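What follows is one structure encoded as structure tokens, with my remarks underneath.
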Amino acid sequence: ATFHETIVAMSSTVHGMGVELAYQERGEGPTLLLVHGMADRADGWNDVTDALAGEARVIAYDRRGYGGSEAPEPYGRTTVEEQAEDAAALVGALDAGPAVVCGRDVGALVALDLIRRHGWLVRAAVLVDPALYQLLAEATEGLSDERIALEDALRAGGPGRAVEVWLAAHGTPAGR
């Protein structure tokens, strides 16, 4: 079976900061916690998990509001700090610390805040494309507002409308 097929059979949940977090675990050895970024989920790490499961205990999870993880009701926004608390709850519940934590874009910020708040749970960190502008409160609020606008556009007019709203705010890349 492929890792993706194995995930379907192995998915479990643990209690985070007021929500159930879906996670996938494979392999044995030192722990590697994978934290996905925006518009992604644990499955986005399948290639990494396939490559490393023979050498480590690899845990990938869906951050709150993504994939199989819950979001509180009503769910207007989240913070990096809240996400780091979820990650700490996951590592603690699975007795998985200290872990090497690998985070991608917003997941990298979660890894950094996990180190800041719960350093004893982290052995090392790998940061992939960290969106460091989110460390500023104004930028975090702006990103939350943008997510709400995109969700509203998606609900009102489908994926095409959400893309239009995003492009109207960001423009199109040069040369396209």
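The values are calculated or read from the model by the stated rules, or taken from the named source; none is laboratory data. The structure presented is a predicted model; accordingly, all values stated were derived computationally and were not measured. Neighbour counts run over all protein chains shown; Cβ positions are idealised from the backbone, glycine included. To get the accessible areas, we keep the full protein, side chains included, count just its heavy atoms, and leave off ligands, DNA and RNA. Shrake-Rupley method; radii C 1.70, N 1.55, O 1.52, S 1.80 Å.
Just a few scattered comments:
- Considering residues of region 33-65 that are hydrophobic (A, V, I, L, M, F, W, C) and open to solvent by 20 Å² or more (accessible area, probe 1.4 Å) only, the residue nearest to Thr78 (Cα to Cα): Met38
- Scanning region 113-125 for residues that are open to solvent by 40 Å² or more (accessible area, probe 1.4 Å) and touching a residue at least 24 places away in the same chain (Cβ under 8 Å) yields Arg116, Arg117, Arg123, Ala124, Ala125.
- Residue in region 80-99 that is touching a residue at least 12 places away in the same chain (Cβ under 8 Å), of a type in the set (A, V, I, L, M, F, W, C) and surrounded by fewer than 18 Cβ atoms within 10 Å (Cβ to Cβ) present: yes
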